[in-house]
1. May I ask you to derive the relative contact order of the chain, considering only C-alpha pairs under 8 Å and at least 6 residues apart, and to give it as an integer percent?
2. Magnitude of the Cβ-charge dipole of the chain, K/R +1 and D/E -1, about the Cα centre, nearest 20 debye?
3. Using r as the Cβ-Cβ distance of MET278 and VAL12, and R0 as 30 Å, what FRET efficiency do you calculate, to the nearest 0.05?
4. For the chain, just list the percent of Cα-Cα distances falling in each 5 Å bin from zero outward, please.
5. LYS182: which aspartates and glutamates have alpha carbons under 19 Å from its alpha carbon, excluding same-chain residues fewer than 8 sequence positions away?
6. Could you compute Rg(Cα) / (2.2 N^0.38 Å) for the range 197-271, with N its residue count?
7. Sorted by packing (mean other beta-carbon atoms within 10 Å per residue), highest first, where do 46-53, 151-158 land?
8. Would you work out which of TRP93, GLY24, GLY152 lies farthest towards the positive end of the dipole of the chain, given +1 charges on the beta-carbon of Lys and Arg and -1 on that of Asp and Glu, about the Cα centre?
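Only the coordinates and a few stated rules stand behind these numbers; no lab work does. Computed from a prediction, not measured in an experiment: that's the story for all the values here. Here the Cβ is made from the backbone with ideal geometry for all residues, glycine too, and neighbour counts use every protein chain on show.
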Amino acid sequence: MKDQTSSNQSTVAWQKGFTIKSAGIPDYDANPADIETFQREGVVLLKGVFEDWVDDLRQGLQRNIHNPENFAFPCESNPDGKPGRFFDSYCNWQLIPEYLEFVSSSCAASIAGQFMQSDCAQFFHEHAFLKVPGTQRATPWHQDLPYYCVDGKKTATVYVSLDYADTEVAVRFVKGSHRWKKTYHPRGFSDGSNLNGDLSQAFEEVPDIEGHPEKYDIFSSALEPGDTIVFDYRTLHGTTDTKIRKMRRAFSTRWMGDDVVYCDRLGETSPPYTDHGMQHGDRMREDWFPFLWNKKITG
């Protein structure tokens with residue numbers, strides 16, 4: 001997630017319905033132990049799953065970076081005058097062919113469906129990231145769920161590393177935080193401040209994990225290109241401000257399980273979906289958010 005005050009200024013038309021044929025999506029042979037880890041800890045590492053997709057996803061991200069104004073929600077979260085670059089952009093899966101190919105032809109939907117222990121996997125959106133060498137900007141600790149217009153327990157982000165990342169600069173996760181039954185105030189990436197003003201009636205303050213790391217069971221790992229982290233929307237995660245010495249690119253797809261419904265949250269959500277016709281508690285509409293995996297068909 002990111003600072004909505006700047007990133008939710010869409011530059012192009014985006015995501016108003018799209019049909020994907022799910023029949024050709026391959027199934028993933030999930031290890032039951034990995035699914036158990038995901039359910040217990042809210043995060044699991046899968047080594048090398050998407051090695052064959054790295055080059056294509058890098059090409060797609062390069063399109064995004066080279067002409068950000070041609071795509072949706074480009075965001076620069078590195079303050080002016082600071083070295084490096086922290087860029088991200090999302091909701092471009094219909095606009096960037098490499099992204100669409102990954103969503104519609106990779107096993108990401110199968111991974112999400114199985115790890116969520118859901119009867120189906122419904123696609124929400126994609127999100128691409130870049131930190132260039134010299135960048136020294138932490139991603140603040142946050143959950144993804146409170147940024148979104150959805151609610152539910154069966155959620156999964158399939159995060160693909162597109163470069164090698166040392167443990168010191170890779171994303172860190174607080175194991176088990178998805179089971180705390182807490183929803184934390186969304187925070188801006190540019191300065192870590194709370195978004196949408198004072199929403200203390202709806203959200204709790206993010207705990208000071210950085211100041212008291214001994215209180216938390218933190219997962220972190222060096223990543224190779226093609227390594228994948230699957231994590232729950234509710235799992236707290238962030239990065240340090242360790243200087244980036246090598247290119248850090250990543251591509252995420254976000255998935256919803258069979259208990260996820262539309263949530264009319266206070267303040268603007270990310271993505272800022274409008275004119276969708278859904279009421280609080282409705283299932284997410286299939287013509288905007290396609291079902292790409294079904295347990296009854298593949299299981």
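1. 31 percent
2. With only Lys, Arg, Asp and Glu charged at Cβ, the dipole is about 120 debye.
3. Approximately 0.85, to the nearest 0.05.
4. 1, 5, 12, 17, 20, 20, 14, 7, 2, 0, 0
5. Candidates past the 8-residue exclusion: GLU41, ASP144, ASP151, ASP198, GLU204, GLU205, ASP208, GLU210, ASP217, ASP232, ASP259, ASP264.
6. 1.42
7. Ranking, from highest mean packing down: 151-158, 46-53.
8. Highest projection toward the positive end goes to GLY152.
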